[in-house]
Amino acid sequence: MINKFFKKNFWDNETKDEFLQTLAIYSDDEKCRFIFDIIPQILKSNNNMNIINAENILVYATQHFFNNVSDTHCKALVYYRLGQVYELYWEDYIRAYTAYKKYELNNTQYDGVHSILLRVLLLRDNFTYSEELQKELELSYGETDLGLRKDRIYENIGSLIMAQKESNDELCEKLTKRIKAIVKSDEWFFLDLIFRKDTIPDSLKAPQKLLDYVNSL
């Protein structure tokens with residue numbers, strides 16, 4: 001019954017309501033996992049109606065499907081997708097940060113939480129220093145990552161902000177060159193630059209706010 005929804009390209013309110021009704025026979029854990037899996041399919045077409053209904057499904061899940069979960073990680077999955085909607089589609093970094101913090105609170109399986117929080121903090125606070133930023137930067141250093149561009153650029157920007165706070169001009173110059181090397185000026189016209197690191201897509205999806213900041217360095 002659920003599989004048919006993975007084939008739908010357009011999600012109007014009727015489709016959303018039908019999907020939520022279909023979920024009624026499943027446990028809260030299963031509902032959350034189905035929602036986690038289907039949200040990328042809903043967002044694939046990238047039209048406003050689909051984005052709105054993806055957000056509505058996720059918000060509905062936080063209000064109705066968390067009471068009887070046996071594993072808090074099921075909550076984390078929903079909050080992670082909600083954070084993605086706010087960050088990548090609405091560019092609402094305040095709500096994205098709130099969702100990702102709830103993801104951090106409930107997450108029991110995945111690494112990389114602090115890299116995510118660092119990225120959204122930088123975007124939320126317009127690349128300015130805060131104790132919160134310093135904390136997430138330091139914690140992100142200890143996380144296992146693949147050295148992907150989307151992680152490296154924000155980590156280097158966080159390091160640059162710290163170097164600026166400490167008036168370390170030599171390090172500032174070094175980090176600025178490194179940041180500009182990650183995103184070359186003649187490639188900024190392509191906001192989804194895809195490279196490959198082994199078999200892992202190394203994709204830098206750069207919001208205009210990031211490009212403007214790097215241009216200003």
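In this model, which of Lys101/Lys209; Lys135/Lys209; Lys16/Lys135 are farther than 32 Å apart at the alpha-carbon? Numbers along the way, then the final one.
On the way: Lys101/Lys209 22 Å; Lys135/Lys209 22 Å; Lys16/Lys135 39 Å.
Too far apart for the 32 Å limit: Lys16/Lys135.
Quick check: the angle from helix 28-43's long axis to the longest principal axis of the chain, C-alpha only, nearest 10 degrees?
60 degrees
Test of understanding: given the chain, find the longest segment containing no GluC sites (Glu not before Pro) that are in a DSSP loop and have at most 15 other Cβ atoms within 10 Å. Write out the running numbers ahead of the final one.
On the way: sites that count: Glu91, Glu143, Glu166.
Counting at most 15 other Cβ atoms within 10 Å as exposed, the longest clean stretch of the chain is 1-90.
Given the DSSP H assignment, sum -39500 (n - 2.57) over each helix run of at least 4 residues in the chain and divide by its residue total; what's the result at 222 nm in deg cm²/dmol, nearest 500?
Values: 10 runs with 132 residues, N = 217.
Rounded to the nearest 500, the figure is -19500 deg cm²/dmol.
If the limit is 29 Å between Cα atoms, which of Lys7/Lys75; Lys75/Lys180; Lys4/Lys75 go over it? Could you put the intermediate results ahead of the total?
Working: Lys7/Lys75 25 Å; Lys75/Lys180 37 Å; Lys4/Lys75 24 Å.
Cα-Cα > 29 Å for Lys75/Lys180; rest within.
Rg and Dmax in Å for the range 1-110, alpha carbons only: what are they?
Just the Cα atoms of the range 1-110 yield Rg and Dmax of 13.1, 36 Å.
Starting with the highest mean, order 34-42, 109-117 by the number of other Cβ atoms within 10 Å, averaged over the residues of each peptide.
Values: 34-42: 19.2, 109-117: 17.7.
Order by mean packing, descending: 34-42, 109-117.
Relative to the first principal axis of the alpha-carbon coordinates of the chain, what is the inclination of helix 73-84, with its axis defined by its Cα atoms, in degrees from 0 to 90 and to the nearest 10?
60 degrees
Among residues other than Ile51 whose Cβ falls under 13 Å from its Cβ, what is the net charge (Lys/Arg +1, Asp/Glu -1)? All intermediate terms of the calculation are to be shown ahead of the outcome.
On the way: positive: Lys16, Lys44, Arg81; negative: Asp12, Glu55, Glu87, Glu91, Asp92.
Every neighbour counted, the sum reads -2.
Taking every pair of Cα atoms in the range 95-184, average 1/r, invert it to obtain the Kirkwood radius, and report Rg/Rh to two decimals.
Details: Rg = 13.2 Å, Rh = 13.5 Å.
That ratio equals 0.98.
Quick one: accessible area per residue over the chain, 1.4 Å probe, rounded to a whole number of Å²? The partial results should precede the final answer.
Numbers: 11600 Å² over 217 residues.
Per residue, the chain has 53 Å² of solvent-accessible surface.
Once neighbouring chains are kept in place and the probe is 1.4 Å, which whole percent of the accessible area of the chain is contributed by carbon and sulfur? Walk me through the intermediate numbers first.
Values: 5640 of 11600 Å².
Answer for the chain: carbon and sulfur cover 49 percent of the accessible area.
Using only alpha carbon positions, build the gyration tensor of the chain, then give the equivalent ellipsoid semi-axes as the square roots of 5 times its eigenvalues, largest first, whole angstrom.
Values: eigenvalues 243, 74, 42 Å².
The answer is 35, 19, 14 Å, longest axis first.
The values are calculated or read from the model by the stated rules, or taken from the named source; none is laboratory data. Bear in mind that the values here come from a model prediction, so they are computed numbers and not experimental data. Neighbour counts are summed over all protein chains in view; Cβ atoms, including those assigned to glycine, are modelled from backbone coordinates with ideal geometry. To get the accessible areas, we keep the full protein, side chains included, count just its heavy atoms, and leave off ligands, DNA and RNA. Shrake-Rupley method; radii C 1.70, N 1.55, O 1.52, S 1.80 Å.
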